[in-house]
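Peer 1: There's a structure below that I have some questions on.
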C-alpha cells in the first residue's frame, strides 16, 4: 500500500469521524426540542392554575393587610389630631422643621 492509499483511507476515516461527531449534537438537539414541545403542551393548564392561585393569594393578602393596618391608621390619626390640638394650644408651629423638637 502506498502513501496515497493511506492518505485516502485517513481522509475517509476523518470524514466518518466528523460525521459521527456532528451527528451526536444534532440528535441531542432533536430530542431536546421534542421534549420542550411536549412540556410546552403540558404547561399552559398548570400556568392557568398558578395564575388563579397567585391572584387569590394577592387578594387575600390585601384584605388581611387592610384589616391589620386599619386600627393602626385610626390610632395614628387620632394621635396626630390630639398632637395638633396640643401644639396649637402651646403655640408651636408644626410646619417649621426647627420646632420639631418642641413637639416632644
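Peer 1: Could you please let me know if residue 84 is in a helix (DSSP H, G or I) and either touching a residue at least 24 places away in the same chain (Cβ under 8 Å) or surrounded by 10 or more Cβ atoms within 10 Å (Cβ to Cβ) (or both)?
Peer 2: Answer is yes for this residue.
Peer 1: Do any residues in the range 1-30 that are without any contact (Cβ under 8 Å) to a residue 60 or more places away in the chain have Cβ atoms under 7 Å from those of residues that are in a helix (DSSP H, G or I) and loosely packed, with under 10 Cβ neighbours inside 10 Å, where the two are at least six apart or on different chains, and which pairs are they?
Peer 2: Pairs found: none.
Peer 1: May I ask you to list the residues in the range 60-80 that are surrounded by 10 or more Cβ atoms within 10 Å (Cβ to Cβ) and more than 30 Å from the chain's Cα centre (by Cα)?
Peer 2: Residues satisfying the conditions are 73, 74, 75, 76, 77, 78, 79, 80.
Readers should treat all values here as calculations from the given coordinates under stated rules, not as data from a laboratory. Since this is a predicted model, take the numbers as computed values, not measurements. Glycine gets a Cβ as well: all are built from the backbone with ideal geometry, and neighbour counts include every protein chain shown.
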